[in-house]
1. Which trypsin sites (Lys or Arg not before Pro) from the range 104-182 combine a DSSP loop assignment with at most 16 other Cβ atoms within 10 Å?
2. Less than 13 Å apart at the alpha-carbon level, and either on another chain or at least 8 residues along: which aspartates and glutamates does that give for Lys175?
3. Put a dot 7 Å past each Cα toward the Cβ at Gln109 and Ile72; how far apart are the dots in nm?
4. Residues in the range 179-219 near a label at Glu239, defined as backbone nitrogen under 11 Å from the 7 Å Cα→Cβ point?
5. Once the piece of chain linking Ile64 and Asn96 is laid out straight, how much longer is it, given 0.36 nm per residue of separation minus the C-alpha distance between them?
6. Quick one: putting +1 on the C-beta of Lys and Arg, -1 on the C-beta of Asp and Glu, what dipole do you get for the range 83-273 around its Cα centre, in Debye to the nearest 20?
7. Using a Förster radius of 41 Å, what is the FRET efficiency between Trp21 and Gln282 based on their Cβ-Cβ separation? Nearest 0.05, please.
8. Would you mind computing, in nm to one decimal, how far apart the modelled labels at Glu188 and Leu292 are, each placed 7 Å from Cα along Cα→Cβ?
Amino acid sequence: MIFSRPELLPLLCVPVLLAFWQWFARGQPLALPMDFTQIRRRPVLDVFIRGLGFLPSGLLACVIVLWAGPLIEGPPTYPAQVTNIQIALDTSGSMNEPFGDRTKPDGKQFTRFDAAMEAISEFTTDRPGDAMGFSIFTSKVIHWVPLTKDLAAIRMATPFVRPGTFPLRWWDGTKVGNAMLSCAELLEQRHDGERMLIVLSDGESSDLEGDLATQVGQTLKSKKIIVHSISVRTQAPLEGMKRVSEITGGRMFESGDSAGLREVFRQIDQLQRAKLVSAQTQWLEYFRPIALIGFGLLVLQQIAAFGLRFTPW
């Protein structure tokens, strides 16, 4: 047992001193007529009555122990390590192209954007406790939802970031490398837990061609950010995205339809969930047993006050 406020434990000397005083104190002598009669002494009763005088001291000791905050060691816990995840979604005009054979309730065909947001919604629902952020990008970047544990904010962003919501004359094109570096600046501000960046894109990116992808990958690796890239198209994935992911210790995923994209997020979820922090000791409050002892002493003290005590005079 340990105490959350051990500095209060020296106060236990007060009830101990009170108990010594109760045992040895003789009180104020007073002569009575019965003192000169032949009354048989009862040493057992004398010890019992003096012992009952310890009840207030015991009750005070229980109060001090409860005040000190007793704790006992509980079973160890193995919590999953918190992961700071930034999701970067390509919202260029090409994300409005059909994706698979699925159709929406209004009869319109599912687009790459619809499939990506549906998978992101499922992923955020299955990751309670993690801090996530949500960014959209084309040739520019908007950090739509800051890193937060309120993941419902990401799921509610769908109608506001759909391709075509912003005028394509200034919100179009694809620069994946620029988006990666911009999201890395946000993740770098988080010092606790792991850092992961998930990038979803369907287009070619001029800023990841040649050695540019290696430079971006090395920059992200130096910031201890793991990048998982998802190619949201049926063609071969972008080679630059794949190289960045490999350099940072992540993976490149391909997906040709909605079901496949959801499976990609399940694989990413398993990759990070496998890591646990070391066992942590769990300390539990230990008030109940001590409080019951104190309550019992209080009941006995009240019963003794009805007659199991020395006369006060």
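Read-outs throughout are calculated quantities, based only on the coordinates presented, and are distinct from any laboratory measurement. Bear in mind that the values here come from a model prediction, so they are computed numbers and not experimental data. Don't worry about glycine lacking a Cβ; one is built from the backbone with ideal geometry, like all the others, and counts go over all protein chains shown.
1. Working: sites: Lys108, Arg112, Lys140, Lys149, Arg155, Arg169, Lys175; in loops: Lys108, Lys140, Lys149, Arg169, Lys175.
Here the trypsin sites (Lys or Arg not before Pro) that fit, given the DSSP loop and packing criteria, are Lys108, Lys140, Lys149, Arg169.
2. In chain and number order, the partners are Asp90, Asp202, Glu204, Asp207, Glu209.
3. Spacing of the two 7 Å Cα→Cβ label points: 6.6 nm.
4. Flagged as within label range: 209-211.
5. Numbers: separation 32, 0.36 × 32 = 11.52 nm, distance 6.89 nm.
Net length gain for the segment: 4.6 nm.
6. Values: 23 positive and 26 negative charges, 62 e Å.
Using only the charged Cβ atoms, the result is roughly 300 debye.
7. Working: r = 41 Å, r/R0 = 1.01.
For R0 = 41 Å, the calculated efficiency reads 0.50.
8. 5.8
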